[in-house]
Amino acid sequence: MVRGEGDPLTGDVAATEAYDGLGATWELLARSYGRDSLDGQGMLLAATVTTGATTTNAFWDAGRWVFGDGDGVYFRRFTASLDVIAHELGHGLVQYTSGLTYVGQPGALNESVCDVLGALVRQRLLGQDAGSADWLIGADLLTDRVQGVALRSMAAPGTAYDDPALGQDPQPAHMDDYVDLPHDADNDNGGVHINSGIPNKAFHLFATGLGGRAWERAGQVWYDTLATRGRIARDVDFATFAAATAESARERYADAPEVLDALLSAWDGVGLPVS
Ligand SMILES: [Zn+2]
């Protein structure tokens, strides 16, 4: 262990970024939604960094998050983007709440709510409102060599990169462009990192339509939907999730009808009208 809670800086930039990123994620959950860590019971957040391997990924492994060093060619160290750290922790939050299965539409929702958490943690730390945020995921971990701005764009899915080596960002922003793929590992479990563009865009439309700080009312509606027991099933599809967010909005913001209005208009905007 190089740095425990409250310990001084180590001089390892990845360790500093991971420490700060774990803390910023805990802060959002605790201060904004009253949740003590991912399990709601103060679970320790632990990360491994500077592994020495050219891992171009970040993942959960045996009780801790591992953030790869990147390959130095296309990817820098994965702790460079706070939203990517928070995204990975989001998978822990999903595990302890709705348990969304990692395939097809529930899998894409799993990916999307993690991007939402990533964006909210970053925007909260930077004090940005929804209208001035860039809504990019992983903007800081691409090298200059990559022709692109980030791994994903929640504001404009499908436009994050277009690169000779990495290909083109495959994310749709609307149900008309939903990518139907076989539900196997060779096809991203049915496009979980692809079709997540649709609920990502819905959240972006919701938060910007509502205005102000996205982690407050818009984020609260997503959090309530995810964390309220029984509100969504593990295998929920996009349309049922959309309807569940409307239920959350009606319940939490009964005296602020503009929240539900912005939400319904957002889902309309991605081709998932809530009846
Ligand atoms: Zn993920």
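The values are calculated or read from the model by the stated rules, or taken from the named source; none is laboratory data. Because the structure is a prediction, the values reported are computed rather than measured. Because the Cβ atoms are built from the backbone with ideal geometry, glycine has one as well, and the counts that use them run over all protein chains shown. Just so you know, the surface numbers come from the protein's heavy atoms only, side chains and all, with ligands and any DNA or RNA stripped out. Shrake-Rupley method; radii C 1.70, N 1.55, O 1.52, S 1.80 Å.
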Against the definition (over 18 Å from the mean Cα position of the chain (by Cα) and modelled with pLDDT of 95 or more), how does ASP224 come out, yes or no? no
Across region 92-121, which residue is farthest from the ligand (Cβ to nearest atom) among those that are assigned to a helix (DSSP H, G or I) and among the β-branched types (Val, Ile, Thr)? VAL121
In region 174-193, anything closer than 24 Å to LEU263 by Cβ and in contact (Cβ under 8 Å) with a residue 40 or more places away in the chain is listed as HIS174, MET175, ASP176, VAL192
The helices (runs of 4 or more DSSP H) lying wholly within region 181-264 that contain at least 3 residues that are open to solvent by less than 70 Å² (accessible area, probe 1.4 Å) and hydrophobic (A, V, I, L, M, F, W, C) are 197-210, 217-227, 238-252
In region 48-63, how many residues are farther than 21 Å from ALA165 by Cα and within 18 Å of the chain's Cα centre (by Cα)? 2
Consider only pairs whose beta carbons are under 8 Å apart and that are at least six residues apart or on different chains; among these, list those whose first residue lies in region 104-123 and is farther than 18 Å from LEU38 by Cβ and whose second residue is near the ligand (Cβ under 10 Å from one of its atoms) and open to solvent by less than 10 Å² (accessible area, probe 1.4 Å). GLY104/VAL192; GLY107/VAL192; ALA108/VAL192; ALA108/SER196
Which residue out of ARG152, ARG145, ARG124 is within 13 Å of the ligand (Cβ to nearest atom) and either among the charged types (D, E, K, R) or buried (at least 20 other Cβ atoms within 10 Å of the Cβ) (or both)? ARG152
